[in-house]
Amino acid sequence: MADIKPFKAFRPAQGLEEKIASLPYDVFNRQEAYEKVQREPDSFLAIDRPETQFEPGHDMYAQEVYDKARDMLQAKMADGSFIQDENPCYYIYEQTMNGRTQTGIVACASIDDYLGNVIKKHENTREEKEQDRINHVYTCQAQTGPIFLCYRKNKLISDLVDKVKEVDEPIYDFVSEDGVRNRIFIISDLEETETICRVFTTINSIYIADGHHRCASAVKVGLKKRKELEGKIRGKLDSDYFLSVLFPDDELMIMDYNRVVKDLNSLSSSEFMDKLKNLFEVTESDAQVKPSCKGEYGLYLDNKWYRLNAKDSIKSSDPVKGLDVSVLQDNVLGPVLGIGDPRTDKRIDFVGGIRGLDELEKRCHTDCKLAFSLYPTSISELFDVADAGLLMPPKSTWFEPKLLSGLFIHGI
């Protein structure tokens, strides 16, 4: 039973949404973030990445950096750049990219549902990345980046969302820097908000699609604030919930998440290909290989593309071992190329499918020796792994479009 509640969002004043909204903080490296904030000082990225307000060599994790984020956020609220709705609302967040539309409900999800495994994860998190967002959220006393959640489609919710989109005018309608059209609607009608809340209580499983670090950090801040009030009379706190956008599974698309490798682990190209032929049916291709089904891979090596089809001997029915990313890691990247831990090995890098296959060729012509293109992990595979209480290998899923930061803020 999911506890998904409306909230009184802080959001950009009308007309400022396009200037303020930004791609998430973690899609930029430090230099990219600095350059963007220099170009666009009103971007919310300045608050999400407050180290951009200091000299490039400044410690980005120093407390004064988080204090700067808090001060900038409070200044934006004081000068009217952000407004707050008077009553708790749900919000509809529609994104259209390359002719495909996905529509989610912006709401607050319960940290107890995360702790109780109603909200299920499929990835591990890294402590240092968690700690950064813990410090940011606690210092700002606000959650600024939504967690991307998904659930199995529910007709009642879908019908209500469609009705609102058909009848109401959006409060925001703009194209963001990544070429995505963003439309936002408010659901403030008491009967409609009660319906959404009630229907979500019938949903037993919700899944983190993207934002595992933001989610884990929000939960730890919530627990920290509970401890601070230990022994005192208290009801539900705003910090008992975290900012989320919940999408039905049938509207989401996971893109391929491809691999590039620096070298052949002392093998010659012919030796490497001989080893692959024991594992895959290998055919040379005159064109780039974008896999069309599970178990099919593309390989780019020595300016040639190959199509690889996994033999039955390396396939698995296990929810994790059967993933294409696992089959590649367990049979090629690890035993053949010597990449034991892809999270830490500097010889491998990951290229999101949004960049296309040309990017794989480019990398092989600059700093890498070979590339693998993969068939995307499916939503059903993600659900199966999470339902089994298991974890996917790193870099298994790439969701597009990304959820913008700065459109909604949840004060805690």
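The values are calculated or read from the model by the stated rules, or taken from the named source; none is laboratory data. No experiment lies behind these values; they were computed from the predicted model shown. Note: ideal-geometry Cβ built from the backbone for every residue, glycine included; neighbour counts use all protein chains shown. For the accessible areas, the whole protein counts, side chains as well, though only heavy atoms, and no ligand, DNA or RNA atoms are used. Shrake-Rupley method; radii C 1.70, N 1.55, O 1.52, S 1.80 Å.
What the table shows:
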quantity: Rounded accessible area of GLU361 (nearest 10 Å², 1.4 Å probe); calculated: 40
quantity: Pairwise FRET efficiency - LEU391 versus ASP302, Cβ, R0 = 35 Å, nearest 0.05; calculated: 0.50
quantity: Accessible area expressed per residue, the chain, with surrounding protein chains retained (probe 1.4 Å, Å²); calculated: 45
quantity: Percentage, to the nearest whole number, of Cα pairs in region 241-284 over 17 Å apart; calculated: 64
quantity: Projected-area mean, region 1-48, by convex hull of Cα positions, square nanometres; calculated: 4.9
quantity: Cα centroid of region 223-275 to Cα centroid of region 393-412, whole Å; calculated: 10
quantity: Helix 63-78 vs. the chain, principal-axis angle (Cα, 0 to 90°, nearest 10); calculated: 50
quantity: FRET efficiency, VAL199 to ARG234 (Cβ-Cβ, R0 30 Å, nearest 0.05); calculated: 0.60
quantity: Entries in LYS19/LYS290; LYS129/LYS315; LYS129/LYS304; LYS262/LYS311; LYS36/LYS294; LYS76/LYS155 that, when Cα-Cα distance is taken, lie over 30 Å; calculated: LYS19/LYS290; LYS129/LYS315; LYS129/LYS304; LYS36/LYS294; LYS76/LYS155
quantity: 10 Å binning of all Cα-Cα separations within the chain, expressed as whole percents from 0 upward; calculated: 4, 21, 29, 25, 15, 5, 1, 0
quantity: Helix 190-200 vs. the chain, principal-axis angle (Cα, 0 to 90°, nearest 10); calculated: 40
quantity: Area accessible to solvent at LEU16, 1.4 Å probe radius, in Å²; calculated: 60
quantity: Solvent-accessible ranking of ARG126, ARG70, largest area first, probe 1.4 Å; calculated: ARG126, ARG70
quantity: Alpha-carbon centroid distance for the pair region 293-371 / region 1-25, whole angstrom; calculated: 37
quantity: Within the accessible area of region 293-333 (1.4 Å probe), percent carbon and sulfur; calculated: 45
quantity: Sequence-separation-based contact order of the chain, relative, with Cα cut under 8 Å and 6+ spacing, percent; calculated: 25
quantity: Computed [θ] at 222 nm, helices only, for the chain once each DSSP H run of length n ≥ 4 contributes -39500 (n - 2.57); calculated: -9000 deg cm²/dmol
quantity: Residue-wise HN-Hα coupling along region 113-119, computed from phi with Karplus coefficients 6.51, -1.76, 1.60 (Hz; x: Gly, Pro); calculated: 5, 5, 5, x, 6, 6, 9
quantity: Rounded FRET efficiency, nearest 0.05, which uses the C-beta distance separating GLN131 from LYS321 and R0 of 25 Å; calculated: 0.20
quantity: Which of HIS213, HIS365, HIS136 is most accessible, then next, and so on - probe 1.4 Å; calculated: HIS365, HIS213, HIS136
quantity: Solvent-accessible area of LEU237 with every protein chain in place, 1.4 Å probe, in Å² to the nearest 10; calculated: 40
quantity: Interchain or long-range residues, amide H under 5 Å from ILE187's placed H; calculated: TYR90, TYR91, ILE92
quantity: For TRP305, distant residues with modelled amide H under 5 Å away; calculated: SER285
quantity: Heavy-atom SASA rank of LEU391, LEU374 (probe 1.4 Å, accessible area, largest first); calculated: LEU391, LEU374
